[in-house]
Amino acid sequence: MIPAAAQRAPWRQWLSRHRLRLLLLGSAGGLFALMLAALVFSGWALALSQRDQSLVEDLRSLDAVVARFHSDAERYLRNAPRDYPDYFRDTTIYYAQLQDDVGQIDGLLDDLASPARGPVQTPLLTVLSFGAQAARDVRFDDLLAYWRGYRERLSAALGSDHAEPRLEWAARHIAGEAEALDSRIDTLTRQVQAIVAGHLQRVRLIGQWGLLILLFVAGVGVTRLVRSLILRLGATEKGCEQIARGYFGYQIPDRSDDELSALNMAINCVSTRMNAVLRLLDGIQRGSDMRATAQEVRAALGAFVPVDWLGLYDNDGDSLNIELREQFPELGDAGVGSVMLAQPRSQGGFVLSEAGQTVPQLEATLRAHGLQTAVVLSLPSESGAGFTMVLAAHAADAFSEDARALLHNVAPMIAHGFEKSALSEQLLLAAVNGLSKLAESRDPDTGDHLVRMSQYAYEIAREMAASDVADREPLAAGFARDVLRFAAMHDIGKVGVPDAILLKPGMLSEDERVEMSLHPVIGGSVLRACAGQLPPSSRNLFTVAIEIAEGHHERFDGSGYPAGRRGREIPLAARIVAAADVFDALTSRRPYKEAWSLERGIAYLSENAGRHFDPAVVAAFIRAMPQIAAVYARYRHV
């Protein structure tokens, strides 16, 4: 199943992984933007204040000039000249002052009515509707229109002769319209002062609300960020405390997908792996045999690497051959049995070891079962050739470089566990084999019978495991190895048969034959008692041994003993040992006969196939004759 995070678009994944950074940058950027806005507003407010101040100053200047303009006119009327010299003096002084005052009033009115100076033209105030009232109430155009008419009437009063202007007429005109002009200027001044006061109030209001909004937004952003970080850092701290107290496997709850969640995931991964390693150690300690230990290892490794199939192989110390010992689950294919590691190659292959080795034969079998990737792990042993473990998974590229490094690091631990279990098995089997040799030692004329017949049985079992014949019985991992280990125990029950019967040189009586026929039952009881001393998970160690001991005198047609089972009712291991036991008895010297040739022994097996022996076992025997002949040549007893 694809994780939800993997189903997101790449840009969504990027946003999730950088959410905290973006939140911090966003908060900082928001604060910066608000500060910049405050700075811009302060600059605008200062500019507006300077404009308003300049406007007020211009109005004051206008009022002062108009007041002087009216005062000069009144003074001239009070002291109007009565002779030409005085008149000529006034045309030089008063007329020049009159023209200068009119020019100043023209300039001040032009400045006040200029679009760049008037408060009604302030863009921001217009946008914010703060200048709407000013646009309706302040009428500079009306004052300008009145002034233009005022000047025309003043010019008419002065006359067209600039050398001899009619100053008294002009002074009467100025005095006559002084109240109207003063009234208009006063009205404009009050309106502008009201607008300037409104500007000041609104600027103060905007500043106060802006500061409140700035503080609110900053508080909300910082509070949310701090709250999120405090809560999640608290969960991370608690998780670390739990792990530090020994609660390995504890998982920090985190549903987010950002930088802090990546940290939590890393801590959870460490916790899971520590728990898996401890579980691995515990499983290795509890595993009483190789199969139980392999099951524990597979369960523990599955916590941090995908393990859909595990194969445990015995190493051949003299070659690159590896022999399957255990597998989970059972694949039942000959391709996973005895395989050979290929020489290392530079390019990566399907099955990889630390040295880059590949196993082409194993690759084909695993691929046939849907296993897409695998890794080979070497498990060296201080006391033997060691083991090789193959882990396979259905997912492609399941074993990352990190996973392979982790497996390499825990390999010595796993190797020690398997070595301990193997030693326990060897000690137990050595004790039981001692009983088997004790039974054989009571008959001194058998030579190396146990060695020969065990090797014969092993070669037959290997041939059957490697064959691809139709209707082949499913074989468990390590079946051939178990046959080799336990074939020698087939007659262990003879320890319970009296010497008078076991060593009797002549024919046995009916009662003696019945008692002799009980040795398979005695052997099965002995081995079941041995298995009963083991932990429940390891009691199947003697399964094949019990099957051989109880069934090696059964016949394929049902005429054997002790239970009279027939065909596949007889365990395969017992059918194999039956053929190997009889063949060795025929081809070895006994006190009562000479050794038969190999050809004669094979002919006897073939003649009795389907009656005494399983035809499939006999066919495998014949296919394995080159190996069997080599064993015979080395250990023969003729």
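The values are calculated or read from the model by the stated rules, or taken from the named source; none is laboratory data. Worth saying up front: this structure is predicted, and the values here are computed from it rather than measured. Cβ placement follows ideal geometry from the backbone for every residue including glycine, while neighbour counts extend to all protein chains displayed. Surface areas here come from the heavy atoms of the whole protein model, side chains and all, with no ligands, DNA or RNA. Shrake-Rupley method; radii C 1.70, N 1.55, O 1.52, S 1.80 Å.
List of remarks:
- The stretch between Met507 and Arg75, if pulled fully straight at 0.36 nm per residue, gains 138.0 nm over its current Cα-Cα span.
- Label-to-label distance, Trp169 versus Met625, with points set 7 angstrom from Cα along the beta-carbon direction: 15.9 nm.
- Assigned charges on the beta-carbon of Lys, Arg, Asp, Glu; the range 512-620 dipole about Cα centre (debye): 80 debye
- Modelled spin-label separation between Lys593 and Arg153, with each label point placed 7 Å from Cα along the Cα-to-Cβ direction: 16.1 nm.
- Taken per residue, the accessible surface of the range 466-530 reaches 49 Å², heavy atoms only and a 1.4 Å probe.
- Prolate/oblate/rounded label for the range 368-416 (Cα gyration tensor, a/c 1.5): oblate
- Estimated FRET transfer efficiency (Glu382, Gln251; beta-carbon r; R0 41 Å; 0.05): 0.65
- Taking a point 7 Å from the Cα of Val217 along the Cα-to-Cβ direction, the residues of the range 173-211 with backbone N closer than 17 Å to it are 206-211.
- FRET efficiency for the Ala262 to Ala529 pair, using the beta carbon distance and R₀ = 60 Å, is estimated at 0.55.
- Low-density loop cleavage sites - trypsin sites (Lys or Arg not before Pro) in the range 592-638, where at most 14 other Cβ are within 10 Å (DSSP): Arg611
- The residues packed around Val483, meaning those with a beta-carbon under 11 Å from its beta-carbon, carry a net charge of +1 if Lys and Arg are +1 and Asp and Glu are -1.
- Note on Ser42 and Arg204: their simple-model spin labels are 1.9 nm apart, each label 7 Å out from Cα toward Cβ.
- Cβ-derived FRET efficiency at R0 45 Å, Ile230 paired with Leu423, nearest 0.05: 0.25
- Subtracting the Cα-Cα distance of Gln372 and Cys269 from their residue separation scaled by 0.36 nm leaves 34.6 nm.
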